[in-house]
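The values are calculated or read from the model by the stated rules, or taken from the named source; none is laboratory data. Everything numeric in this text was worked out from a predicted model, so none of it was measured. Counting neighbours? That spans all protein chains shown, and the Cβs are built from the backbone with ideal geometry, glycine included.
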Amino acid sequence: MKNKLLASAILLPVLASAVSITDAVQQTIGTHPQMKMKIEDHNTQKELLTSVKSGYLPSIDLSYSIGPEKTRTIANGRQDETLTRSEFSIKLSQNVFSGFDTRYGVKQQKSLVLSAGSTVQEGANNLALEAVSAYINVLKTHEFLEISKENVAVHKKYLSQIKEKVDAGVGRSSDYKQTLSRYENALSNQYLSQQNYDNAITSYKRILPGNVTASDLDKPSIGSLPAQNIEALFELAIKNNPTIHVSQNEIGAADAALKRSEAPFYPTANIVLESSWDRQANGVSTNADSPNQSLFDKNDARSALLVLNYNIFNGLADKANKEASRYRLLNKNSTLADAKRFVKANTQIAWQTFNSTKQQLVHIDNNIESTSQTVSDYLKENELGRRSIVDLLNIELEYNNARNSKVTAEYDNIAAYYQLLSYTGKILEEMNIIVK
């Protein structure tokens, strides 16, 4: 009983440390700096929208000043006078027309908010696919490494057997040299596989830092596709892909910016309400005992004005800005067209890869089964003296090549599945990933 408890205690941390592909993606999106940058930019754009909307609200300014003033004016009889001057004013300004600058500024900023929100989804979508690719690559390179180790062990066994025969005078030296050459090549391939696996681990850590090995990861399975034909996948991709959404919202922002650039060609109108007073200004004292005290010792004013401004020339800057906005809109339309081409092309490539690898796996499995049986037959024939060890190495090589082909096709098939989910904008939904 104690042994069982001890075993459970040892296995529990191992089991708890296992990371599913969904866990990896969720942790990546929740902690990656790229996501934080995009979320912060989205929040920035929302605050800027509030700033632009302020154009609809009045502006209220309070002003107060105080300090010594030395004067010689008509009001104080041309006598030098040093007084403490004080002034106070309150002004309310309400824009009533700005050439539609505020109206289209709000539309532009709303589109930028939507674009930033789509950029968050785009970043999550891309990071999800990147995390999946890194996750899959760790498992794939590990399987290649295991096959290469087994291959080295087989070559080492056969090399030892041939050496015994050569030393006994019943084996051919050429067979030994050929097997030794193959053994060295197998060792070289094992080191290369180890390097690829180590690099895959490093790439995975860049996406999701922490100590991880292939034994910590679960091999992902393939679910159902969001559509069963390429035309339907194209339709989903154009409709849901967040990169396309970003481009569409940027077009909206550029269109509003173009209309906003026409504002300087219109006059502006503001209602300005102002109240002010000053004391001991221009050398006139408010002190009744002062010889310079007069009827003008206090100045109070109230005004309600409609202020019109119309710039008629500013060095062609307004015209240049309008043209720049027009070219920016054309650029965003071209960006959308390019995004649609990119998404459609990659969707088709992933679809073709998914179907091709699925078909390949059927034949690869048949090949592995047949080759495995052949290896067994060759071993029996070798015991009867009908097959040489070189023949055994040849069939072992064919068997390992088939196994490597299966690993490649199997993981390419899994990768293509997740690529299709990503390009159609469904990867986060299908994996139940939450973007905060």
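Couple of notes before you dig in:
- Residue check for Ser148: more than 26 Å from the chain's Cα centre (by Cα), surrounded by 21 or more Cβ atoms within 10 Å (Cβ to Cβ), modelled with pLDDT of 95 or more and assigned to a helix (DSSP H, G or I): yes
- Residue within the stretch 271-280 that is farther than 30 Å from Pro58 by Cβ, modelled with pLDDT under 90 and surrounded by 13 or more Cβ atoms within 10 Å (Cβ to Cβ) present: yes
- Test: residue in the stretch 122-141 that is of a type outside the set (Ser, Thr, Tyr), more than 30 Å from Arg302 (Cβ to Cβ), assigned to a helix (DSSP H, G or I) and free of Cβ contacts under 8 Å to residues at least 60 places away in the same chain: no
Residues checked against (1) crowded, with 16+ Cβ neighbours inside 10 Å; (2) under 28 Å from Ser215 (Cβ atoms); (3) not charged (D, E, K, R):
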residue	(1), (2), (3)
Thr22	yes, yes, yes
Gln26	yes, yes, yes
Glu47	no, no, no
Pro58	no, no, yes
Asp61	no, no, no
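Residue-by-condition table, conditions (1) touching a residue at least 40 places away in the same chain (Cβ under 8 Å); (2) more than 30 Å from His155 (Cα to Cα):
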| site | (1), (2) |
| --- | --- |
| Lys319 | no, yes |
| Lys332 | yes, yes |
| Gln373 | no, no |
| Ser388 | yes, no |
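- Residue in the stretch 313-325 that is within 24 Å of Ser193 (Cβ to Cβ) and either in a helix (DSSP H, G or I) or not acidic (Asp, Glu) (or both) present: no
- Qualifying residue in the stretch 392-415 (condition: outside any helix (DSSP H, G or I), surrounded by 14 or more Cβ atoms within 10 Å (Cβ to Cβ) and of a type in the set (D, E, K, R)): no
- Verdict on Tyr378 being touching a helix residue (DSSP H, G or I) at 6+ places or on another chain (Cβ under 8 Å) and touching a residue at least 24 places away in the same chain (Cβ under 8 Å): no
- The stretch 53-76 residues that are under 30 Å from Thr102 (Cβ atoms), paired with ones that are modelled with pLDDT under 85 (beta carbon under 9 Å, 6 or more apart): none
- The test for being assigned to a helix (DSSP H, G or I), out of contact with any Asp or Glu (no Cβ under 9 Å at 6 or more places or on another chain) and either among the aromatic types (Phe, Trp, Tyr) or surrounded by 20 or more Cβ atoms within 10 Å (Cβ to Cβ) (or both) does not hold for Ala345.
- Number of residues in the stretch 181-239 that are of a type in the set (A, V, I, L, M) and over 21 Å from Tyr135 (Cβ atoms) equals 10.
- Only listed residue being modelled with pLDDT of 95 or more, surrounded by fewer than 21 Cβ atoms within 10 Å (Cβ to Cβ) and not in a helix (DSSP H, G or I), chosen from Gln79, Gln94: Gln94
- Of the criteria (1) modelled with pLDDT under 95; (2) more than 27 Å from Ala24 (Cα to Cα), which one Ala253 fails: (1)
- Selection over the stretch 165-216 of residues that are under 30 Å from Gly385 (Cβ atoms) and either touching a residue at least 12 places away in the same chain (Cβ under 8 Å) or part of a helix (DSSP H, G or I) (or both) gives a count of 18.
- Residue count for the stretch 416-436, restricted to those that are surrounded by fewer than 17 Cβ atoms within 10 Å (Cβ to Cβ) and part of a loop (DSSP other than H, G, I, E, B): 3.
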